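Any read-out appearing in this document is the output of simple, stated calculations on the displayed coordinates, not a laboratory observation. Here the structure is a predicted model, which means the values were calculated and not measured. Cβ: placed from backbone, ideal geometry, glycine included. Neighbour counts: every protein chain shown.
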Amino acid sequence: MAASLPQKGMAGMPQQQQPHLPPNAGSAPGQPPMPPQGALREISPVFLCRIGQETVQDIVTRTMEIFQITRATPLPNGVTQSQAVYQDRFGKLQEHLRQLTLLFRKLRLLYERCVEMTTDLQEGPAELVPYVGEEMASVKVEPCSLAVNQERQEVLEKVRQKNQEMKVLMDQMRNLLWDVNAMLTLRK
């Protein structure tokens with residue numbers, strides 16, 4: 001059915017009638033303009049990471065849509081569905097899976113390009129999983145004044161205190177929810 005419709009460009013205009021626009025004219029007002037094709041070699045790693053972040057968001061969105069489609073599909077329990085409904089859902093799933101494949105390829109290319117551009121900056125982390133319950137190894141930094149070091153220690157102590165307070169509050173909320181659920185269960 002989609003093949004019978006003419007391909008449309010921007011704002012519903014057929015592709016032959018589209019005006020020639022500069023490369024950055026089609027971008028949204030809140031987003032940075034796309035660099036011209038000649039400047040592709042000089043794209044910063046930060047810009048590539050931003051594109052990668054948007055790609056990851058697209059991947060998550062597509063995956064959620066796939067789960068919604070599969071959740072809405074009834075299990076075969078002897079009731080026959082119309083062939084059109086089946087074909088429509090199957091087509092949607094196939095399209096989402098194809099788009100996911102393309103998005104993962106795009107993400108892989110962005111990753112490889114970022115790694116290539118930043119190999120001279122520093123080595124990658126040895127382990128990507130954060131350490132739980134251990135103090136982080138101290139990072140070697142240039143010597144700072146005594147006041148800066150003292151302020152840093154004060155900020156770290158405040159963060160530890162706030163984290164402890166948040167943990168206590170989460171425990172209290174968890175206990176409160178248990179109590180509420182227990183009371184609701186007893187009421188029935």
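Structural remarks
- With each label modelled as a point 7 angstrom along the Cα→C-beta vector, the T73-T185 pair spans 3.6 nm.
- Cα-projected label distance for D171 with E151, points at 7 Å along beta-carbon direction, nm: 3.4 nm
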